[in-house]
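A short worksheet on the structure shown next.
Please treat every number below as a calculation from the coordinates, not as lab data. Keep in mind that this is a model prediction, so the values were computed, not measured. Ideal geometry is used to build each Cβ from the backbone, glycine not excepted, and the neighbour counts take in all protein chains shown.
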Amino acid sequence: MTRHVKLFAIAAILGMVAVACGGGGTSSVVTASPGAQFQKGGTLRIGMNSDVFTGFDPQKEYYQVSFAFYRCCLLRTLLSYNGQDSSHGGNVLRPDLASAMPQISSDGLIWTFKMKQGIHYAPPMQDTEITAPDIVRAVIREATPSVAAGYPFYYSIIQGFDDYSSGKATTISGLVTPDKYTLEVHLTKPAGYLGYMFAMPATAPIPPSPTDPSAPLGVATGHDDDYGRFMVASGPYMWAGSDKLDFTVPAKQQTPLTGYQPNKFWSLVRNPSWVADGQDTLRPAYVDAIQVTVSTGADPEVLDKKVQANELDTMFQNGVPPTVLRTFNSDPSLKSRIFVNPSPGNYYIGLNPAVAPFDDINVRKAVQYAIDKAALQKINGGPISGDIATHFVPDGLLTTSDGTDLMKGYNPYPSTNFQGADSPDGLAAAKAAMKLATQYDTSGDGVCDVPACSNILAVGANDTDAEAFNAQVAQNLKAIGLSLDLKEFDGGTAYAKLIDPKNHIAVMLTPGWLQDWPDAFTFFYLTMYGPNILAQGNANYSLIGATPDQLTKYGFSITDVPSMNSQIEQCEKLSGDDAVKCWAADDKYLMEQVAAIIPWTFSNTINVISDRVQNYTFSAFDSQMAYDQVALAPGSS
């Protein structure tokens with residue numbers, strides 16, 4: 001979920017939806033209960049230990065954190081979600097800026113969205129109504145090369161999108177506005193998932209420039225690198241200081257808003273233009289303001305203790321350190337303040353087959369056998385943190401309409417109790433695979449023994465639990481002769497290293513993924529499809545499907561890597577159970593024929609909250625507490 005790149009350090013377990021299940025329940029905490037009435041007002045206080053990646057630019061950000069704050073608070077899209085868990089329809093698309101769900105032509109090639117009328121932007125554009133050309137403007141910006149957008153490949157199915165992006169056209173021909181409240185989207189091929197794409201923040205409206213209404217990028221003109229601090233809100237909240245933005249002067253003379261200070265704090269205040277009645281049925285937006293303190297590199301345990309002491313109301317995190325988990329579960333006064341939500345997201349270890357010795361599939365398979373997933377689960381907090389994963393896509397997305405779990409019992413790299421090289425049979429299997437890599441195991445003893453087996457560049461996170469995780473992986477790999485040159489960073493920095501293929505990282509210890517929408521397509525298309533590999537913001541960390549030209553461009557001497565391009569293209573054409581079966585086959589192909597990704601957990605999301613919080617609601621899309629649904633106890637400031 002929160003997809004949308006959904007990439008985190010080990011202490012923050014990736015997740016996305018399912019049933020919210022609290023640790024208990026007191027009079028101060030109410031779980032998901034649509035229709036309940038709560039007091040409005042107060043300031044919600046949130047802690048974080050890293051900032052977003054691209055400065056809150058809605059066309060660039062591809063990160064769970066930014067997606068969550070866009071949906072709940074800052075931006076509205078044609079379609080969106082209700083901020084609830086899956087049992088309360090949290091995965092169901094609903095009209096937001098649209099007045100109804102789109103009409104789709106019989107051939108599936110034209111989608112028509114009708115928009116609500118009378119909705120206005122936040123200050124300083126409070127006199128500007130949100131209309132269909134503003135959506136077009138956002139998609140144009142996603143297609144503009146100088147912006148270096150986060151996920152333009154999704155929108156290539158729109159007629160003329162690629163032509164505009166390549167400079168062959170001056171407009172996107174497939175975006176038509178017959179009137180200012182109607183948007184027609186013409187496609188190159190049927191795509192039943194298009195509605196999900198217009199719930200992503202890249203399509204949130206951008207106001208026209210007050211000095212040049214014809215400017216293709218509107219108020220974002222001249223802000224290719226810093227639009228997040230000039231972004232005009234359309235949701236119930238806006239950045240503090242937005243009202244002081246002045247778009248009547250050239251971009252270089254504009255002063256950024258004060259409410260977003262990168263790596264320091266975020267200050268969200270109520271948008272006075274926002275109206276709930278008749279205009280926004282998805283967000284009750286009880287609190288008056290949201291204050292986020294960004295403590296870059298801070299120990300999550302320290303910040304969670306602030307939640308315990310009611311100095312913060314929650315942490316934006318997908319999991320809590322084991323010590324915090326034990327504290328909240330063992331203290332009756334705290335147990336009702338911890339929430340565990342199973343979620344279709346994963347964590348995995350990535351191997352780069354363009355870097356020796358991982359160009360040999362037998363070495364990659366040896367690593368698959370060697371990893372002690374039970375130890376990783378224990379480091380991460382035990383079974384409550386998530387189930388051990390033996391394949392890539394969460395089972396819920398590979399279950400047919402009759403309830404058949406197509407991956408049940410599938411485990412291509414078994415070992416006793418999932419202990420990998422820490423069990424006799426796991427170590428024997430790992431060494432047997434390594435023996436087949438004769439160019440790297442020259443003595444045939446199951447141990448990699450050439451120079452390429454030493455000082456292998458690996459990147460991991462640097463908080464306490466992550467360091468233990470990294471050490472465990474290093475120990476397992478050492479058993480088959482692979483020694484790591486381990487570089488540890490805070491989560492945001494590690495992320496920045498991974499998304500740049502020029503860094504030639506061989507072993508990636510932090511990746512995780514969650515759905516952009518409820519379909520296995522979103523697990524494969526960005527992480528495995530070669531044509532989507534980007535010079536910056538790349539989500540295909542293992543470079544699966546890269547061409548020789550791509551690999552040469554990024555400086556690799558190995559230019560032949562495994563591909564799943566044709567398999568993904570075949571499944572993309574299908575729907576229903578046929579698609580589910582196809583993706584299940586792709587998952588098995590990934591594990592057995594590519595073997596460059598080592599899934600180790602299907603994660604849970606774990607949140608702790610202060611005793612001021614009422615109406616804890618888990619948002620399926622955000623994979624986090626829904627800040628637009630939370631209320632504070634009476635008397636909270």
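Can you give the net charge of the other residues whose Cβ lies under 14 Å from the Cβ of L574, counting K and R as +1 and D and E as -1?
-3
Within the set of other residues whose C-beta is less than 10 Å from the C-beta of V447, count the net charge using Lys and Arg as +1 and Asp and Glu as -1. Please list the in-between numbers first.
On the way: positive: K431, K435, K478; negative: D441, D445, D449.
Computed value for this residue: 0.
Run the helix sum for the chain: -39,500 (n - 2.57) per DSSP H stretch of 4+ residues, divided by residue count, reported at 222 nm to the nearest 500 deg cm²/dmol. Write down the numbers at each step before the final one.
Working: 16 runs with 133 residues, N = 637.
Helices in the chain give a 222 nm mean residue ellipticity of -5500 deg cm²/dmol.
Using only the alpha carbons of the stretch 568-633, determine the length spanned along each of the three principal axes and report them from longest to shortest in whole angstroms.
Per principal axis, max minus min of the Cα coordinates gives 53, 27, 15 Å.
Return the inverse of the average 1/r over all pairs of distinct C-alpha atoms in the stretch 310-375, which is the Kirkwood hydrodynamic radius, in Å to one decimal.
Hydrodynamic radius (Kirkwood, Cα pairs) of the stretch 310-375 is 15.8 Å.
Work through the residues other than A458 whose Cβ is under 15 Å from its Cβ and net out their charges, Lys, Arg +1 and Asp, Glu -1.
Numbers: positive: R364, K478, K487, K497; negative: E467, D485, E488.
Neighbourhood net charge equals +1.
Under a crude label model (7 Å from the Cα following the beta-carbon direction), how far is K244 from D485 in nanometres?
Result: 4.7 nm between the two label points.
Packing-wise, with mean Cβ within 10 Å as the measure, how do 372-379, 166-173 rank, highest first?
On the way: 372-379: 21.0, 166-173: 12.9.
With the highest mean Cβ count within 10 Å placed first, the list reads 372-379, 166-173.
How far apart, in nm, are the 7 Å Cα→Cβ label points at I388 and S214?
Taking the two extended label points, one gets 6.6 nm.
What aspartates and glutamates could a cross-link reach from K252, if we take a straight Cα to Cα line under 13 Å and drop same-chain neighbours fewer than 8 places away?
The qualifying aspartates and glutamates are D224, D225, D226.
List the residues whose amide H sits under 5 Å from the amide H of I349, counting only those 5 or more places along or on another chain, with H placed 1.01 Å from N in the peptide plane.
I598, W600
Just want the answer: with Cβ charges of +1 for Lys and Arg and -1 for Asp and Glu, which residue in S295, V269, Q279 is farthest toward the dipole's positive end in the stretch 265-304?
So the residue furthest toward the plus end is Q279.
Express in whole angstrom the spacing between the alpha-carbon centres of the stretch 82-96 and the stretch 346-397.
Here the answer is 31 Å between Cα centres.
Label points 7 Å out from Cα along the Cβ direction at V275 and A471: separation in nm?
6.0
Provide D628, D163, D519 in ascending order of the number of other Cβ atoms located within 10 Å of each residue's Cβ, fewest first. Intermediate values should be presented prior to the final figure.
Working: D628 25, D163 16, D519 19.
Least crowded to most crowded, the residues run D163, D519, D628.
Among the aspartates and glutamates, which have Cα under 12 Å from the Cα of K189 when same-chain residues fewer than 8 positions away are ignored?
Here the aspartates and glutamates satisfying the reach criterion relative to K189 are D107, E572.
Provide V275, V561, V287 in ascending order of the number of other Cβ atoms located within 10 Å of each residue's Cβ, fewest first. Before the final figure, lay out the partial values.
Working: V275 13, V561 24, V287 27.
Sorted ascending by nearby Cβ count, the order is V275, V561, V287.
Could you put K553, K189, K306 in order, starting from the residue whose Cβ has the fewest other Cβ atoms within 10 Å?
Numbers: K553 14, K189 10, K306 18.
Arranged by neighbour count, lowest to highest, K553, K189, K306 become K189, K553, K306.
Give me the tail of P(r) for the stretch 195-276 as a percent: Cα-Cα pairs with distance above 21 Å.
Details: 1063 of 3321 pairs.
Across the stretch 195-276, Cα pairs with separations above 21 Å total 32 percent.
So how many Lys-Lys pairs in the stretch 342-604 land under 18 Å Cα to Cα, not counting same-chain pairs under 8 apart?
Lysine pairs satisfying the spacing and distance rule in the stretch 342-604 number 18.
Please report, in debye to the nearest 20, how large the charge dipole of the chain is about its Cα centre when each Lys and Arg carries +1 at its beta carbon and each Asp and Glu carries -1 there.
On the way: 42 positive and 62 negative charges, 143 e Å.
Roughly 680 debye for the chain.
Among 207-216, 48-57, what's the highest-first ranking by average C-beta atoms within 10 angstrom per residue? Numbers along the way, then the final one.
Numbers: 207-216: 15.4, 48-57: 23.4.
Packing order, densest peptide first, comes out as 48-57, 207-216.
When you count, for each residue, the other Cβ atoms within 10 Å and take the mean per peptide, how do 391-397, 342-348, 251-257 rank with the highest first?
Numbers: 391-397: 22.7, 342-348: 27.6, 251-257: 14.7.
Ranked by mean Cβ neighbours within 10 Å, highest first: 342-348, 391-397, 251-257.
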